[in-house]
Amino acid sequence: MISIRNINKTYGKKGDITALSNINLEVERGELYGLIGPDGAGKTTLFRILTTLILPDSGSAQVMDYDVVVQYPQIRKIVGYMPGKFSLYQDLTVQENLSFFATIFNTTIRENYHLIEDIYVQLEPFKNRRAGALSGGMKQKLALCCALIHRPEVLFLDEPTTGVDVVSRKEFWEMLKRYKEAGITIFVSTPYMDEATLCDRIALIQEGKILDIAKPKDLIEDFQPGVFAVKTAEMNRAKNELQSLDENVEAYHFGEYMHVVTENNHLTPKAISDFLDKRGHQEVIIKRTTPTVEDVFMNLMKHASTTTT
Amino acid sequence: MQQLIAFIKKEIYHIARDRKTLLVLIGMPIVQIALFGFALSNEVKNTKLYVIDQNKDEMSVRFIEEVQASQYFDVVGYGEDVGDVDRILRSGVSQISLVVPPSFSSDLRHVNQANLQLITDAINPNVAATINAYITAISRDFRNTEMGDLKLPYTINVETRMMYNPQLKGEFAFVPGVIAMILMIICVLMTSVSIVKEKELGNMEMLLVSPTSPAIVIISKAIPYFVLSLLIISIILLMSTTILQVPIRGNIFLLYGVSSIFIITSLTLGLLISTLTNSQEIAMLISLMGMLLPTIMFGGFMFPIESMPKALQIMSNIIPAKWFYYAINDIMIKGLGWSSVYREVLILLGFTLLYMGISLKKYEIRLS
Amino acid sequence: MKPSEQSIVTKNLTKKYGTFTAVDAISFDVRKGEIFGFLGANGAGKTTAMRMLTGLSKPSSGEATVAGFDVYRDAENIKKHIGYMSQKFSLYQDLKVKENIAFYGGIYGLRREALQAASDQLIHRLGLQGEVKTMVKDLPLGWKQKLAFSISIIHQPSIVFLDEPTGGVDPVTRRQFWNMIYEAADRGITIFVTTHYMDEAEYCNRVAIMVDGKIEALGQPSELKVRFETDTMDDVFYQLARKAKRGD
């Protein structure tokens with residue numbers, strides 16, 4: 001479906017800024033595949049290579065068996081693309097944008113209405129409003145409609161949920177699930193770690209390198225270090241003290257608690273509790289907890305930086 | 001075809017919804033024509049003239065009557081002493097004094113060369129120069145009638161403008177100039193900015209990842225601006241023929257034909273600029289500083305190219321607007337036909353091909 | 001609690017645009033040194049509320065004092081005593097690190113010696129010694145954000161307003177950023193922060209959740225989770241925001 005082999009891309013006059021380094025991944029037909037990583041990790045660059053917008057320095061990539069460099073016209077016909085930045089015409093209305101994009105893909109709204117119906121009914125009340133005057137959530141829905149209107153075989157969504165509120169984000173992922181069930185392959189990127197679990201498979205990317213590729217469930221189950229949720233009356237002090245406990249201990253805020261991640265099997269809840277008691281911490285709560293994608297990501301980042309330096 | 005129509009429709013929405021820009025585009029030529037026209041005609045009509053006749057014979061009186069009879073001057077007072085001039089200028093009674101020296105008649109009769117002196121408030125040298133030209137013309141006519149049978153070769157330089165503008169109407173010269181300038185703004189500036197805008201706002205990203213061919217994107221941009229340009233030319237021509245009463249001497253179809261070619265030249269230039277830049281500001285700067293300014297400088301309608309230094313004259317050849325100005329001036333003002341403008345048309349076509357060639361070579365089918 | 005210990009006090013603060021009530025009679029207090037989270041969907045009135053508190057917009061009715069100054073009469077004084085950082089508007093990308101510090105220090109009215117000292121301290125604390133002559137646009141995003149935050153508190157304001165400060169950075173950088181916020185709070189600077197990340201909401205001492213111009217929930221994250229019978233802030237927010245009528 002999508003296969004990427006040894007893709008490299010650098011920027012800058014001397015090519016001294018590495019955007020992607022030796023990327024390899026395969027997306028299966030009908031998969032909802034997530035590319036998870038922060039801003040500047042190289043997500044947009046990879047999307048632009050796959051949508052034939054830029055050329056890789058080396059390596060090769062195919063989308064539906066079409067080569068991204070040579071066979072770009074074929075790819076442009078069969079993919080739906082939603083760029084990271086809102087790219088519809090702000091001075092055209094919802095209706096005008098949609099029919100414009102339908103026409104340039106040689107189709108009509110009516111022909112593929114069944115595909116966008118669920119989203120379109122939500123947009124309908126504002127169909128004569130200019131796209132620029134829509135809220136973030138509505139813009140995002142319209143952009144998805146425009147990317148879907150020609151019934152693409154692959155959907156490329158570059159950070160579709162960035163800057164969108166929680167409610168709209170939830171709705172958006174529910175829609176993606178439905179399109180996946182309708183047989184469309186979806187390649188989506190996001191900086192939100194909590195969205196990773198909604199994908200079939202994910203690739204974690206940081207500084208142009210793939211850190212890991214796995215099913216979210218496996219990623220968590222295979223995570224070796226122990227993770228403890230710790231809470232005290234003085235969170236900040238406790239965190240700093242735990243951090244200095246051992247080289248192999250990482251402590252960081254995680255919601256209401258802090259997570260203490262350790263590759264040292266001797267560090268039991270009892271040992272942590274004793275350590276905190278000795279330093280006069282009150283209201284201490286310690287429990288073993290399931291790691292999240294964010295814990296895994298941070299652990300991978302730590303290892304990536306220690307191996308490179 | 002369906003695609004092209006969708007694109008053109010979209011462009012029309014863009015243009016129509018940007019009310020302010022549209023208003024400026026249509027309003028600017030109207031204001032310019034009105035301003036240039038009325039400002040010039042008010043200046044040269046009924047200029048208050050103070051006459052100091054030191055000759056005071058039959059011939060000088062006839063000459064002064066001749067000046068008075070023209071619609072350009074109003075004689076508001078007579079004097080004898082040149083020393084009065086200063087007082088008259090300061091008092092504001094008149095901005096200009098005409099001194100007819102004591103030897104006027106005899107010089108004209110015997111030497112066939114007489115001097116007149118114009119003393120004028122030179123705050124506005126253009127006005128002074130215009131008035132000077134008028135007096136020169138009147139005195140030439142005067143001499144021709146007076147000396148008709150004794151006509152001798154004379155050495156007065158006659159400005160070209162007067163040959164084709166016997167009524168001495170100043171409006172003539174700038175109408176083609178305003179057309180050239182407006183076309184430059186609409187076709188070069190608006191086209192380049194509108195294409196670059198699509199790049200900057202990310203729309204181009206969406207368009208590239210679609211089966212649309214780049215040619216359609218470009219052509220669909222060009223068509224609405226082409227039509228808009230013709231519309232504005234029509235407004236300018238209509239205004240200048242009705243309000244300013246500047247006749248179109250040549251063939252109107254030829255006029256539109258040549259204008260269409262210049263529009264296409266400008267559109268390809270706009271396209272070229274848009275392929276070379278990625279930001280609206282830079283596109284605007286290049287269009288304004290690199291194109292509009294030279295058009296005004298070297299277009300020939302504000303500053304006569306003939307009086308520029310040689311180097312600048314050579315430089316002016318690379319400004320398409322110069323050739324357009326020459327062609328349109330020939331058709332509109334001089335009433336000449338195809339045979340005298342084909343050279344300019346060929347040059348414009350050459351520019352068009354050059355711009356198109358570079359644009360196609362530089363056109364990105366991907367993001368740069 | 002003594003009033004002097006309160007950084008922000010609002011009572012029925014309201015902003016109307018014609019018939020539209022953007023902010024509808026909100027009342028809350030923020031204690032000195034507190035980290036106060038302000039959450040809400042797009043169009044809920046967050047930005048309008050923040051504008052009133054930073055002295056950029058006059059309320060239609062209600063009362064509010066910020067750092068002891070009245071928002072109606074003392075807007076200019078408020079501006080002198082607060083810091084502000086937003087992801088959209090922050091540093092000049094085409095100025096060097098040092099130039100940005102000098103510029104904002106100047107705007108906040110620091111004298112030359114004070115500015116020099118503050119600037120050196122800031123650069124030292126961020127470990128940016130090697131980068132003072134780097135253009136801001138060449139810094140990694142995480143560093144930019146840390147720099148922007150440090151600059152927003154260079155004049156030792158009593159309150160700093162952070163508008164969506166951490167969008168798009170990796171989790172490690174995000175946590176480093178929050179460490180800086182904690183340290184600032186420990187030094188007594190009140191933090192007023194809006195965020196999209198619900199787990200970040202839990203780092204706040206207290207949060208207010210706005211829906212359709214009103215504050216629908218206010219309290220410690222742990223309290224709110226109990227009240228809404230859920231174990232994530234995400235869900236608290238979802239339960240509240242789902243009922244929103246306004247927005248689109």
Dimensionless Rg over Rh [the range C:90-156; C-alpha; Kirkwood] = 0.92
The distance between the Cα centres of the range C:40-117 and the range B:343-368, in whole Å, is 51 Å
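Once you keep just the Cα pairs under 8 angstrom separated by 6 or more residues, what percentage relative contact order results for the range C:2-65? Don't jump to the answer; show the numbers that get you there.
Details: 96 pairs, mean separation 27.0, N = 64.
That works out to 42 percent.
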Sequence-separation-based contact order of chain A, relative, with Cα cut under 8 Å and 6+ spacing, percent | 20 percent
Which shape class, rounded, prolate or oblate, goes with the range C:14-82 when its Cα gyration tensor gives a ≥ b ≥ c as root eigenvalues, a/c under 1.5 marks rounded, and past that a/b bigger than b/c marks prolate?
-> oblate
Calculate the radius of gyration of the Cα atoms of chain C to one decimal place, then report Dmax, the largest Cα-Cα distance, as a whole number, both in Å.
-> 18.2, 54
Could you tell me what fraction of 2.2 N^0.38 Å the Cα radius of gyration of the range C:1-137 comes to, as a two-decimal ratio?
-> 1.26
Of all DSSP beta bridges located in chain A, what percent are antiparallel, nearest 5?
-> 65 percent
Env charge @ A:G42, Cβ radius under 13 Å, K,R +1 / D,E -1, value -2
For chain B, what relative contact order do you get, as a whole percent, if you take Cα pairs closer than 8 Å and at least 6 residues apart?
-> 19 percent
What translational D, rounded to a whole number of µm²/s, comes out for the range A:1-131 from Stokes-Einstein when the hydrodynamic radius is the Kirkwood one over Cα pairs, at 10 °C and 1.306 mPa s?
-> 94 µm²/s
Tilt relative to chain C, helix C:141-152 - C-alpha long axis, 0 to 90 degrees, to 10 | 90 degrees
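Across the range B:221-288, how large is the tail of the calculated P(r) beyond 17 Å, expressed as a percent of all Cα pairs?
Values: 1231 of 2278 pairs.
Everything past 17 Å amounts to 54 percent.
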May I ask you to order A:169-176, A:261-268 by the average number of other C-beta atoms within 10 Å around their residues, highest value first?
-> A:169-176, A:261-268
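Out of the DSSP beta bridges found with both residues in the range A:115-262, what percent are antiparallel (nearest 5)? Let's see the in-between values first.
On the way: 16 of 21 bridges.
Around 75 percent antiparallel, to the nearest 5.
Calculate the mean, over all residues of peptide B:209-219, of how many other protein chain Cβ atoms lie within 10 angstrom of the residue's Cβ. Don't jump to the answer; show the numbers that get you there.
On the way: counts 19, 10, 9, 5, 1, 0, 0, 1, 1, 0, 0.
Mean shielding by partner chains, rounded to a whole number: 4.
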At q = 0.09, 0.11 Å⁻¹, what log₁₀ I(q)/I(0) does a Debye calculation on the Cα points of chain B give, no solvent, two decimals?
-> -0.64, -0.84
Would you please give the residues with an amide H less than 5 Å from that of A:R129, counting only those at least 5 places away or on a separate chain, with H modeled from the backbone geometry?
-> A:V94, A:Q95
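Kindly provide the Kirkwood hydrodynamic radius of the range B:186-337 in Å, to one decimal, from all pairs of distinct alpha carbon atoms. List each step's numbers first, then the result.
On the way: mean 1/r = 0.0588 Å⁻¹.
Kirkwood radius, the range B:186-337: 17.0 Å.
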Inter-centroid distance (Cα atoms) of the range C:153-210 relative to the range A:188-236, Å = 23 Å
Write down the percent of antiparallel bridges among all DSSP beta bridges whose residues are both part of the protein assembly as shown, to the nearest 5.
-> 55 percent
Just tell me, in residue order, which DSSP H segments of chain B are both 15 angstrom or longer along the helix axis (alpha-carbon based) and at least -0.5 in mean Kyte-Doolittle hydropathy.
-> B:2-17, B:19-44, B:58-69, B:125-146, B:171-183, B:214-242, B:252-276, B:320-332, B:338-362
Using distinct alpha-carbon pairs, which all enter the 1/r mean, Kirkwood radius of the protein assembly as shown in Å | 33.7 Å
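Taken together, the values in this text are just the output of simple stated rules run on the coordinates, not laboratory data. Predicted, not measured: the structure shown is a model, and the values here were computed from it. Don't worry about glycine lacking a Cβ; one is built from the backbone with ideal geometry, like all the others, and counts go over all protein chains shown.
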